[in-house]
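One structure below.
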Amino acid sequence: MGIRTVMVTGDNPITAAAIAAEAGVDDFVAEARPEEKLELIRRAQAQGQLVAMTGDGTNDAPTLAEADVGLAMHSGTIAAKEAANLIDLDSDPTKLLYVVEIGKQMLTTRGALTTILYCQ
């Protein structure tokens with residue numbers, strides 16, 4: 001899908017490496033504080049990248065709000081759910097891939113409808 005996945009966590013590097021390997025993410029950042037998570041998102045956006053994020057904790061709320069697409073887990077904190085654009089009722093972080101896929105389809109459909117409307 002052309003998505004680069006980066007797990008950004010407050011966990012220690014050993015735990016983060018094990019989880020990242022099991023999850024199959026492209027990269028990970030361990031021992032990240034909320035300010036560092038926010039800086040990573042802003043840096044990626046400044047480079048023209050579209051950033052989507054999943055999160056469940058109060059510490060994730062600022063980055064969920066800053067991301068282009070924020071997906072909070074239903075099992076997460078109220079702060080995370082209020083900051084996000086979407087809430088995953090199944091609390092399955094892999095749903096973000098589905099959200100991206102549907103979003104791309106919607107953009108294509110909207111483009112097709114816009115073209116049809118302008119042609120008439």
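The values are calculated or read from the model by the stated rules, or taken from the named source; none is laboratory data. What you are looking at is a predicted structure, and each value in this text was computed from that prediction instead of being measured. Every residue, glycine among them, receives a Cβ derived from its backbone with ideal geometry; neighbour counts consider all protein chains shown. Just the protein is used for accessible areas: all its heavy atoms, side chains included, with ligands, DNA and RNA removed. Shrake-Rupley method; radii C 1.70, N 1.55, O 1.52, S 1.80 Å.
The set of residues in region 25-48 that are out of contact with any strand residue (DSSP E or B) (no Cβ under 8 Å at 6 or more places or on another chain) and within 25 Å of GLU82 (Cβ to Cβ) comprises ARG33, PRO34, GLU35, LEU38, GLU39, ARG42, ARG43, ALA44, GLN45.
Quick check: is even one residue across region 33-41 aliphatic (A, V, I, L, M), at negative phi and out of contact with any helix residue (DSSP H, G or I) (no Cβ under 7 Å at 6 or more places or on another chain)? Yes, there is a match, as at least one residue in region 33-41 is aliphatic (A, V, I, L, M), at negative phi and out of contact with any helix residue (DSSP H, G or I) (no Cβ under 7 Å at 6 or more places or on another chain).
Being on the phi > 0 side of the Ramachandran plot and open to solvent by 70 Å² or more (accessible area, probe 1.4 Å) holds for only one residue in GLY2, GLY24, and it is GLY2. Where residues in region 32-48 are surrounded by 13 or more Cβ atoms within 10 Å (Cβ to Cβ) and either in contact (Cβ under 8 Å) with a residue 40 or more places away in the chain or among the acidic types (Asp, Glu) (or both), which of them is nearest to VAL100 (Cα to Cα)? Only one residue fits best here, namely GLU39.
Could you run through region 53-69 and say how many residues are more than 10 Å from ALA83 (Cβ to Cβ) and among the polar types (S, T, N, Q)? Summing the residues that are more than 10 Å from ALA83 (Cβ to Cβ) and among the polar types (S, T, N, Q) in region 53-69 gives 2. Checking ALA65, ALA72 one by one, the residue that is in contact with a Lys or Arg (Cβ under 6 Å, 6 or more places away or on another chain) and not in a loop (DSSP other than H, G, I, E, B) is ALA72 and no other.
Looking at GLU39, is it part of a helix (DSSP H, G or I), of a type outside the set (Lys, Arg) and modelled with pLDDT of 95 or more? When the stated conditions are applied, GLU39 passes them. The set of residues in region 49-102 that are at pLDDT below 90, buried (at least 20 other Cβ atoms within 10 Å of the Cβ) and charged (D, E, K, R) contains only ASP88.
Could we say that ALA18 is in contact (Cβ under 8 Å) with a residue 24 or more places away in the chain and at negative phi here? Considered against the rule, which asks whether it is in contact (Cβ under 8 Å) with a residue 24 or more places away in the chain and at negative phi, ALA18 comes out as no.
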